[in-house]
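Working notes for the structure below.
What follows draws every value from the coordinates through simple rules; no lab data is involved. Everything numeric here is computed off the predicted structure, so don't read it as measured data.
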């Protein structure tokens, strides 16, 4: 049996978790200690088996009153796909106007999320 220490990032408490798990035949979480809410054990298991993250970045805007629009994923993506998604975000350009919540990139890098705008950009 193995042990791993993680700091939970689900809520502002930042609980120091101690996870006991087995790797063979497949990774299996046996016990999670140190959590102060119900979300800690579920997050710890996900973090060990399939870590997920959200991304916030910027996309270039043509003919806008701002040269960039802030964007984010509308859901978490597998941690190992971050660089693939960021490659698509960096190569994207949109034309003004842009509205908050507008989908700018659908399913980047084949993920189950979209890249959405988080601010308005009016035409220049």
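The table below lists the values:
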{"read-out": "Per-residue [θ]222 nm for the chain (sum of -39500 (n - 2.57) over DSSP H runs n ≥ 4, rounded to 500)", "value": "-5000 deg cm²/dmol"}
{"read-out": "Over segment 56-117, relative contact order from alpha-carbon pairs under 8 Å, at least 6 apart, %", "value": "38 percent"}
{"read-out": "Over the chain, volume per residue of the alpha carbon convex hull, in Å³", "value": "113 Å³"}
{"read-out": "Alpha-carbon spread of segment 56-117, three principal axes, descending order, Å", "value": "34, 19, 15"}
{"read-out": "Cα long-axis angle, helix 82-91 against the chain (0 to 90 degrees, to the nearest 10)", "value": "0 degrees"}
{"read-out": "Of all DSSP beta bridges in the chain, antiparallel share, percent nearest 5", "value": "90 percent"}
{"read-out": "Pairwise centroid distance, computed over Cα atoms, of segment 46-124 with segment 8-40, Å", "value": "30 Å"}
{"read-out": "Binned Cα-Cα distances of segment 2-49, short to long, each 10 Å bin given as a whole percent", "value": "30, 57, 13, 1"}
{"read-out": "Degrees, to the nearest 10: 39-49 long Cα axis against longest axis of the chain", "value": "80 degrees"}
